[in-house]
Each structure stands twice: as structure tokens, then as C-alpha cells.
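A quick write-up on the structure given underneath.
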Amino acid sequence: MIVLVVLGVLLVLALLTLVHWYLWRRLVRDVSAPGGRWRRTGTVLAFVLPLLSVGALIGGRAFPIAVERWFAWPGYLWLAVLLYLLLGLAVGELVRPLLLRLPSGASRAARAVVADAPAPEVPTADEPVPDTPAVPVAPAAPSPERRLFVARAVAIGASGAAAAVVGNGMYGVLRGPRLKQVTVPLAKLPAGADGYRIAVVSDIHLGPILGRAHTQRIVDTINAAKPDLITIVGDLVDGTVPELGRDAEPLAQLRARDGAYFVTGNHEYFSGAAPWVDFVRELGVHPLQNARVELGGFDLAGVNDIAGEREGDGPDFGRALGDRDPARTAVLLSHQPVTIHDAVRHGVDLQLSGHTHGGQLWPGNYVAELANPTVAGLERYGDTQLYVTRGAGAWGPPVRVGAPSDITIVTLASLRA
């Protein structure tokens, strides 16, 4: 096992080295003179930035959170910029040959001189036509000035696009999630529960970047919507209670007629799930650990995250859903969408999940589709419906592209109303 971990680390380091060598070549070497200021600065950044990213990735395991923040902001942001720089430069590699072939001012002038030159004399019919071998004319190679101009144009274009995309994506995260409205019709829901509103929030990811102010924005947004019930569907934190307890304290201000409920996500188990379960309970949020409560119009159940199986604390659908009245509507809180097949087998009517972030950084949604039955939104699986929120925060880079954060108000609709 240790050998595999070491090989994996070496592979990641080799990949980072190769990627940054390519960036240095395209963004530094090809656009600057040897010994120049940009050549020296860019070369230093090519070494420092990947080290900051590695520090951000291992920071939670190696440093206290006060130190981790110094790595997290620049290190994680650079990972997002790196992704879109590579995509921008990939486009640049496609257009580079076309830009090099475009006629420059010098070549246009040369063609004009040829056009103005006198036409060669045409021999008369009595004069013999000399045999003139055809000489192939090779296209002129782009001049060094032309190559430098194209290299700089591609570098500036890719850098500008990456900065704009990441800047806009970071603004969306730091601004806070927006409310999303979804209506879910349920056949067994009694008429008296028609219009019941559940606030669904997941993947808040309190940590070295997103803290107390982020929690407060989420709480204020939920309370302003005045839901009947609040559900926190896992991945609340990336750290321990001593490190992040103060950042989570605004959750005590959540207000709903039927209260607030919480289930664990995989990141809780990275940080110590049991202390967090106790802490949210102290804040007035009710943990559902493979448990169920009966509300006015339906049963609300919750299961632990799959990651808890390593600690003997995984999901137990029988315990959460067994011995219930199958005539009542069942709503299940389960962090990961992959549990939908267990929910179908246990007669759940609606499962509420998160985990995917909607892919967070395009084209990450295509990768997320490989591991999750639903990446975002509402879909039906047999008699069970699954709703997946994109989440209210971000893991790693505080950036979202093509997957805006949300808090969803799920309105239950009765077919008997």
C-alpha cells in the first residue's frame, strides 16, 4: 500500500513538473529575451506556484489552519488558473500555425513589387522557346519577429481568458449561493402537505478559505426564504471542531417551523465526523444518523455517508427506513447520489443529495458524470426521484465555472390536492 502511495505521489509530481515546464516554455521562454526581467520572474514563478499548490493540497494534514491559509489562497487559485491556462494554450496551439501563415506587411509589399514589375518578353513564332526548368517556390519561413508576435499574442490571449474566467468564478463563490426553486410532485403526499417547502443546502466546505462570513451569508439567505424545513446534506467542513467551530456557529440562527437536520458527507470523515455531529447538535441542528423522524405530511430519513464505512459508521438503510408505514411519503437525506439505488429498493419517494458540486470547474462536469448517476438537478429512478444540489461552497479553489452554487427550495406538490 505504501509503495502505491509513493508511486502515486511521484506520478503527480512528474505531471506537475511537465505541465509547468510547458507553461514556462509558452509563457516565458517564447515571449521574452534571455536574461530579461520577465524571463527571470517567470522562471521563479514556474517553481514557486506549483510548490504553493502542493502546500495547499497537503496543508490540512501538515499545518494548523492559520498556516494553511497562507498556502490555500494562492495555491488553490493557481490550480484553477492552471486549468484554464492549459485550455487557452491548447486553443492557441490550434490557431498558431494559421497565425504564422497569415501574410505579414513585408510579404504583402513583396507581392506588390512583383505585380508592378514589367512582364517578360514573349518570343515570336520563329524564335525557339528556351527550355526553362520549373523551379518550385517554397513559402517563406516566418521571420523571428513574426514568431515572437504570434507567441506573445497567444500567451496574452490565453492568460487574459484564464484570468477573466477564474475571476468571475471566484466572485460567484465569495458572493454566496443564490436561491433556486424546484417543485417535486409526489403521489403519496397528503393534500395537507401540498406546498411544503424544504431548504436544501450542501457542500458548504468551511475551511481555510471559506469561513464564518460564508456561513452567515448562507444562514441569512435560508432564513429570508422562510422554509418549513432546513436540510444540510453533508460536507459542512474541511477541518476539525477546534479549528472551524467558530465559523460554523451562525448555523444556530437557522429558523424553520420543523427545524433543521444534518447528515454527514465524506469530508466530515476526513475531519472527525463524531465531534462534528455533537457540535451541530449543540447548535440546534438535529443530526440524522441512519435515523428517521415523522413530520406532519411525510417521513424524513437520513443516512451516514459512504465514507463512514471505513470507520464502521456507514449508511444503514434498513435502520433508517425499516418498519415504517409504506403508505407515507419518504424523503431521504443522503450526501452522495450513488445511494439512489438503495433508496429505490427501500421505497423512498424523494432523495436529496449533494456531493458533486455540479462539476464545479467546467469541464469537470463530464468527469463527475462518470462517477455519479445525476450530477445536478432532478431525475427519476423508477418510483424514486433524486434531486442533487450543486452545493453552496467550493472545495479547493474558491472558484466555480459553469456550475453556480445554490441553495435550493424544494417545494413538495401533492397529486391529491
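The single residue among Val19, Val28 that is of a type in the set (Val, Ile, Thr) and touching a Pro at 6+ places or on another chain (Cβ under 9 Å) turns out to be Val19. Could you please let me know if Gln385 is of a type in the set (S, T, N, Q) and out of contact with any helix residue (DSSP H, G or I) (no Cβ under 8 Å at 6 or more places or on another chain)? When the stated conditions are applied, Gln385 passes them. One residue stands out among those in region 51-84 that are within 20 Å of Ala163 (Cα to Cα) and among the aromatic types (Phe, Trp, Tyr): the one that is surrounded by the fewest Cβ atoms within 10 Å (Cβ to Cβ), which is Trp73. Within the option set Pro315, Pro397, Pro326, being in contact with a Leu (Cβ under 7 Å, 6 or more places away or on another chain), in a loop (DSSP other than H, G, I, E, B) and not hydrophobic (A, V, I, L, M, F, W, C) holds for one residue only, Pro397.
Taking every residue in region 295-315 that is of a type in the set (Lys, Arg) and pairing it with any residue that is part of a strand (DSSP E or B) and crowded, with 18+ Cβ neighbours inside 10 Å, at least 6 positions away or on another chain, yields no pair with a Cβ-Cβ distance below 6 Å. Of the strands (runs of 3 or more DSSP E) lying entirely inside region 145-240, those carrying at least 3 residues that are aliphatic (A, V, I, L, M), in the same structural domain as Val401 (by TED's automatic domain parsing) and touching a Gly at 6+ places or on another chain (Cβ under 8 Å) are 229-233. The residue that is surrounded by the fewest Cβ atoms within 10 Å (Cβ to Cβ), among those in region 329-342 that are in contact with a helix residue (DSSP H, G or I) (Cβ under 9 Å, 6 or more places away or on another chain) and over 14 Å from Asn372 (Cβ atoms), is Asp342. Restricting attention to region 377-417, the residues being buried (at least 16 other Cβ atoms within 10 Å of the Cβ) and at positive phi number 2. When restricted to residues that are among the small types (Gly, Ala, Ser) and within 28 Å of Gly211 (Cα to Cα), region 23-82 contains 10. Restricting attention to region 24-77, the residues that are polar (S, T, N, Q), touching a Gly at 6+ places or on another chain (Cβ under 9 Å) and assigned to a helix (DSSP H, G or I) total 1. Within region 26-47, being surrounded by fewer than 12 Cβ atoms within 10 Å (Cβ to Cβ) and closer than 15 Å to Leu82 by Cβ holds for one residue alone: Phe47. Among the residues making up region 241-261, those that are within 23 Å of Thr356 (Cα to Cα) and either not assigned by TED's automatic domain parsing to the domain that holds Glu282 or not in a helix (DSSP H, G or I) (or both) are Ala260, Tyr261.
Matching residues to (1) within 22 Å of the chain's Cα centre (by Cα); (2) under 28 Å from Thr339 (Cα atoms); (3) crowded, with 16+ Cβ neighbours inside 10 Å:
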| position | (1), (2), (3) |
| --- | --- |
| Ile209 | yes, no, yes |
| His214 | yes, no, yes |
| Ala224 | no, no, no |
| Gly234 | yes, yes, yes |
| Glu243 | no, no, yes |
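The set of residues in region 263-285 being in a helix (DSSP H, G or I) and in contact with a strand residue (DSSP E or B) (Cβ under 7 Å, 6 or more places away or on another chain) consists of His267, Glu268, Ser271, Trp276, Val277, Val280, Arg281.
The values are calculated or read from the model by the stated rules, or taken from the named source; none is laboratory data. Model, not experiment: these values are computed from the prediction. No Cβ is skipped: glycine too gets one built from the backbone with ideal geometry, and neighbour counts run over all protein chains shown.
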